[in-house]
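Everything on this sheet refers to the single structure shown next.
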Amino acid sequence: MIYYKTSKQDDPYFELWSRKEWLYPLENADAMQFPLIVTVEPTNRCQNKCLYCSRQLMTRTFGNLDLATMEKIAEESGHHRAAIRHGGFGEPLLHPDIEKIVAISNKYNVLTTIFTNGMNLSEKMMESFVRNDLSEIRFSSSGITPDVHNKIRRNSDYSRDFDEKIKMAHRVRARMGSKKPFFTLYTNVIDYNDSNFQENLEIYRDRYLEYVDKVDIDLTMFSRVKHLDHVKDLYSKQTVNEEYKKCVGLFLKVIVHWNGDLFACDKLYDFHEDYYLGNLKDVSIAQGYGSEKMKYLRDNVSFAMNHQDFEYCRNCYTNTSKWDKPEEFIGKTK
């Protein structure tokens, strides 16, 4: 479910999402030489302990992306007209040089998004993002009520860390007379047909479209962490259809972990050799994307749908209908 305050053309991703390669990647596979989105993990640290998050399974060492690696990512992404999305498996605003990271993207004129839980966003940081033409901030939540948010997003307070931060960001952007960054509110719910969701949807949407430019609501997927005791009850209520589909992600995205490791799938929370494409000290993103390993994964998961043969693919199911109905990327205006 996507709702826009004004025109869908105001979305900074409108051009990218209108490309045939994004909407129909499998049909255009032979022509694709570079991912359309590079997911960058500035850090794998996070203050929250969200119940659905794969960080609960993560065993990697904690660390921060160095600026030289960021420079390499931005230069290559800019050359190929790809977007950068800062997120991965940590909270980007915990990186001590996140403002410099955004400035590097701006230097190479790269469409850039920050996914954030909002907790560390300050007025000073927000002013820096406006000055450096950050394309988008995606404020991430869970559910559409404070109770659900606080239950799912442990260590987060809905009012202090989410609601108030969105309003502050709106004030700063307005005061500076800018339309950037574009504000997206992204949240997920367990069941679109739940009576509580249906009763509160319009109220929630209309309230936040006063402050953000877009509201995006997806379904929550607990499949990867379903074996954890504290998740089992929530998993039993999950409405995501656990049906394998031809993977589009292997054409559209890659992920770079904070240490420069490049992986074929942006859902890789730990190191795994089957998906590892090299470290950016030794390979370029284009080389990894065009590698034989990547081709092998696409042949098996994007086309043959042998998900069961791959550890990270085994519990991966679509939680969106966007590639069933590509026009849903366009969304609805208020």
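The values are calculated or read from the model by the stated rules, or taken from the named source; none is laboratory data. These numbers were taken from a predicted model, which means no experiment stands behind them. Glycine gets a Cβ as well: all are built from the backbone with ideal geometry, and neighbour counts include every protein chain shown. For accessibility, only protein heavy atoms count, side chains too; no ligands or nucleic acids. Shrake-Rupley method; radii C 1.70, N 1.55, O 1.52, S 1.80 Å.
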When residues of the range 179-188 are limited to those that are under 16 Å from the mean Cα position of the chain (by Cα) and open to solvent by 10 Å² or more (accessible area, probe 1.4 Å), the one farthest from Arg131 (Cα to Cα) = Asn188
Output the number of the condition that Glu76 fails; it satisfies all remaining conditions of (1) of a type in the set (Asp, Glu); (2) free of Cβ contacts under 8 Å to residues at least 40 places away in the same chain; (3) closer than 15 Å to Ile255 by Cα.
-> (2)
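Do you know which of the residues in the range 123-145 that are more than 22 Å from Ile84 (Cβ to Cβ) and over 21 Å from the mean Cα position of the chain (by Cα) is surrounded by the fewest Cβ atoms within 10 Å (Cβ to Cβ)? Spell out how you get there, then give the answer.
First, pick out the residues of the range 123-145 that are more than 22 Å from Ile84 (Cβ to Cβ): 123-124, 141-145.
Right, trim to over 21 Å from the mean Cα position of the chain (by Cα) and you get 123-124, 145.
Values: Glu123: 12, Lys124: 10, Thr145: 16.
Among residues in the range 123-145 that are more than 22 Å from Ile84 (Cβ to Cβ) and over 21 Å from the mean Cα position of the chain (by Cα), the one surrounded by the fewest Cβ atoms within 10 Å (Cβ to Cβ) is Lys124.
One line per residue, one yes/no per condition, for (1) open to solvent by 40 Å² or more (accessible area, probe 1.4 Å); (2) within 30 Å of Glu164 (Cβ to Cβ); (3) over 16 Å from the mean Cα position of the chain (by Cα):
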{"position": "Val212", "(1), (2), (3)": "no, yes, yes"}
{"position": "Val215", "(1), (2), (3)": "no, yes, no"}
{"position": "His230", "(1), (2), (3)": "yes, yes, yes"}
{"position": "Leu234", "(1), (2), (3)": "no, yes, yes"}
{"position": "Phe251", "(1), (2), (3)": "no, no, no"}
Search the range 172-194 for residues that are in a loop (DSSP other than H, G, I, E, B) and pair each with any residue that is surrounded by 22 or more Cβ atoms within 10 Å (Cβ to Cβ) and aliphatic (A, V, I, L, M) when their beta-carbon atoms are under 6 Å apart and the residues are at least 6 apart or on different chains.
-> Pro181/Leu134; Pro181/Ile137
Pair list, Cβ < 7 Å and 6+ apart or interchain, from the range 1-30 residues that are in contact (Cβ under 8 Å) with a residue 12 or more places away in the chain to residues that are loosely packed, with under 13 Cβ neighbours inside 10 Å and part of a loop (DSSP other than H, G, I, E, B) | Tyr3/Lys334; Tyr4/Lys334; Lys5/Lys334
Is there a residue being of a type outside the set (Val, Ile, Thr), over 28 Å from Ser122 (Cβ atoms), open to solvent by 50 Å² or more (accessible area, probe 1.4 Å) and touching an Asp or Glu at 6+ places or on another chain (Cβ under 9 Å) anywhere in the range 31-47?
-> yes
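Checking the structure you have, find out if any residue of the range 286-296 is at pLDDT below 95 and basic (Lys, Arg).
Residues of the range 286-296 that are at pLDDT below 95, as a first pass: none.
No, the range 286-296 contains no residue that is at pLDDT below 95 and basic (Lys, Arg).
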Take the residues in the range 52-74 that are more than 18 Å from the chain's Cα centre (by Cα) and of a type in the set (A, V, I, L, M, F, W, C), then tell me which one is least open to solvent (accessible area, probe 1.4 Å).
-> Leu57
Would a scan of the range 278-291 turn up a residue that is part of a strand (DSSP E or B) and under 23 Å from His80 (Cβ atoms)?
-> yes
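Out of curiosity, is Tyr186 closer than 29 Å to His230 by Cβ and at pLDDT 95 or above? Working first, answer last.
Values: closer than 29 Å to His230 by Cβ: yes; at pLDDT 95 or above: yes.
Criteria met by Tyr186.
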